[in-house]
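Peer 1: This is the structure I have questions about; it appears just below.
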Amino acid sequence: MYQVPRGTSDILPTEQLYWRFIEQKVVHVCQLYGYERIDTPVFEDTGLFTRGVGEGTDIVEKEMYTFEDRGGNKLTLLPEGTAPVCRAYLEHGLHNLPQPVKLYYFVSAFRYERPQAGRYRQHHQFGCEAIGESDPALDAEVIDMAWHFFQSLGLNRLTLLINSIGCKQCRPKYLAILKDYYGKYAQNLCADCKVRLERNPLRLLDCKQPSCQQVADAAPRNIDYLCPSCDEHFKRLQKYLDLLGFPFQINPRLVRGLDYYTRTVFEIQPEEEGSQSTIVGGGRYDDLIEELGGKPTPAVGFATGIERIVRNLKREGIAVPLLPKPHVFLAFVGDEAGAEAMKLAAKLRRAGIGVIEAMGSRSLKAQLRQADALGARYTLIVGEQELKSHSVILRDMTTAQQKTVSLHQIENELRDQITSRE
Ligand code: HAM
């Protein structure tokens, strides 16, 4: 028997109510903040990610699903959504629109990671990007939007962490200081950190190994080495978050796993599970558009993993609305009645009344059992008698009461019954 590939999952009908609930809140919140939807392809030129996400990152080095198509093009399944949105912004000249351009997306993201709870090889993201504005008020607005989104889902037990990792003017100086500091502990670092020290020193700060964490805790902090304009940007962001009443924490070790970030970085984590199950990651990426061949264009955004949101909704016991399903089951006895039932089902559906029609030639008792199992509120029964009298039996499945209704009145009768119960 085949099984789903490791690290992927089927989203069965019983799970769909969570996904639809989240989608509905996304659409609502995006509309409140003026974000419009964009969809990009599921694969892109590999270069977009090596360039955009960064050569030294885990994603590019170890996790991308890269393949050559039959035409010899080197392609990669989306590991994240920001670089593709920036590619689209450039390709379609969206810089000609009023700035910032605010876009949101749902994507499947593919990363060859070690699967565990909340970490998959295919996961789904809702993300949003605001491109073309450097004002820290936009950073605050983006964070407010992420927070608002979780409030609308009923998720409140969350922690907001922020940091600033400076810009290309001030970061080199900080990195030199950081490398200098870490150089003294090089012997004690884990194998990954020894490589990070050479290739991506900022990532030393978020190593999860206990021995490396001690070194990281006492490391020089990026926020102490910001240039005046990054410092001012970060202070204003904090002022705006205070204004909005956010209980944020500054975490000087927050660095994120993608290379494109500048200045603001932030994460939202569930209080229980902490950094292993970050629910939102985001920040500013003022150099990415230029890196991809455009003019310097500041931007900020975030993405959140839908699987992790579902996990949190379940853990917090949040009740999500049931999905609508047909109220009516249509049973029949005999071939001739079956033909009449088929016409009736088609007519009712066109009138906007959902119907599940019995199939095959099961006994009426078996059909009623099926109606019960499906949770139908009403069953319509067409038998020989009803055929003759151009009518149908309407059975209320909760009370087991039945009455005969003429075929030309059944549509209105059902509508009245359904609306009186809603
Ligand atoms: P990211 O932190 O790599 O950022 O991913 C965003 C979110 O996707 C994470 O916070 C997490 O909820 C979810 N996620 C990531 N990897 C997995 C996985 N393997 N399994 C399940 N969920 C996962 C980005 O992707 C950036 N593009 C975010 C961004 C947008 N920054 C600026 N704009």
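Peer 1: Most fluctuating residue of Ser134, Ser108, Ser406 in a GNM of the chain with Cα springs under 10 Å: which is it?
Peer 2: Ser406
Peer 1: OK, next. Starting from the amide H of Arg37, placed 1.01 Å from N in the peptide plane, find each other amide H under 5 Å away whose residue is 5 or more places distant or on another chain.
Peer 2: Tyr104
Peer 1: Still on this structure: What list of ³J(HN,Hα) values in whole Hz, one per residue of segment 21-34 in order, does the Karplus curve 6.51 cos²θ - 1.76 cosθ + 1.60 (θ = phi - 60°) give from phi, with Gly and Pro shown as x?
Peer 2: Karplus-based 3J(HN,Hα) across segment 21-34 equals 4, 5, 4, 5, 5, 4, 4, 5, 5, 4, 5, 5, 9, x Hz.
Peer 1: Spin-label point model (7 Å from Cα, Cβ direction): what's the Lys239 to Leu323 distance in nm?
Peer 2: So the two model labels end up 4.8 nm from each other.
Peer 1: Using R₀ = 51 Å, calculate the FRET efficiency as 1/(1 + (r/R₀)^6) where r is the Cβ-Cβ separation of Ile393 and Glu23; round to 0.05.
Peer 2: Plugging the Cβ-Cβ distance into 1/(1 + (r/R0)^6) gives 0.85.
Peer 1: If you don't mind, another one. Check which residues have an amide H placed less than 5 Å from Gly166's amide H, if you skip close sequence neighbours.
Peer 2: Arg263
Peer 1: Starting from the Cα of Asp45, step 7 Å along the direction of its Cβ; do the same at Asp416; then give the gap between the two resulting points in nm.
Peer 2: Going from the Asp45 label point to the Asp416 one covers 6.6 nm.
Peer 1: Taking R0 as 60 Å, what's the FRET efficiency between Lys208 and Leu97 from their Cβ-Cβ distance, rounded to 0.05?
Peer 2: Working: r = 41 Å, r/R0 = 0.69.
My answer for the efficiency is 0.90.
Peer 1: What does the accessible area per residue of the chain come to in Å², with a 1.4 Å probe and no ligands, DNA or RNA counted?
Peer 2: 50
Peer 1: Please compute, over every Cα-Cα pair in the chain, the percentage with a separation greater than 31 angstrom.
Peer 2: When all Cα pairs of the chain are counted, 52 percent exceed 31 Å.
Peer 1: Going down the table (Lys62/Lys168; Lys173/Lys295; Lys343/Lys388; Lys365/Lys403; Lys325/Lys347), which pairs top 20 Å between alpha carbons?
Peer 2: Pairs exceeding 20 Å: Lys62/Lys168; Lys173/Lys295.
Peer 1: Ordered by residue, what ³J(HN,Hα) values in Hz, to whole numbers, does segment 241-256 give under the Karplus form 6.51 cos²θ - 1.76 cosθ + 1.60, where θ = phi - 60° and Gly and Pro are x?
Peer 2: Using θ = phi - 60°, the values come out as 5, 4, 4, 7, x, 7, x, 8, 10, 8, 10, x, 9, 7, 10, 6 Hz.
Peer 1: Can you list the residues, at least 5 places off or on another chain, whose amide H is less than 5 Å from the amide H of Val280, using H built in the peptide plane?
Peer 2: It is Ile268, by chain and number.
Peer 1: Then there is this: Distance from the Cα centre of segment 330-352 to that of segment 92-148, in angstrom?
Peer 2: The two parts, judged by their Cα centres, are 48 Å apart.
Peer 1: Also, quick follow-up: In deg cm²/dmol and to the nearest 500, what is the mean residue ellipticity at 222 nm of the chain if only DSSP H runs of at least 4 residues count, each as -39500 (n - 2.57), divided by the residue total?
Peer 2: Details: 14 runs with 159 residues, N = 422.
Using -39500 (n - 2.57) per qualifying helix, the result is -11500 deg cm²/dmol.
The values are calculated or read from the model by the stated rules, or taken from the named source; none is laboratory data. Here the structure is a predicted model, which is why all the values come from computation and not from measurement. All Cβ positions, even for glycine, are placed from backbone atoms using ideal geometry, and neighbour counts span all protein chains on display. Areas reflect the complete protein model, heavy atoms only, side chains present, ligands, DNA and RNA absent. Shrake-Rupley method; radii C 1.70, N 1.55, O 1.52, S 1.80 Å.
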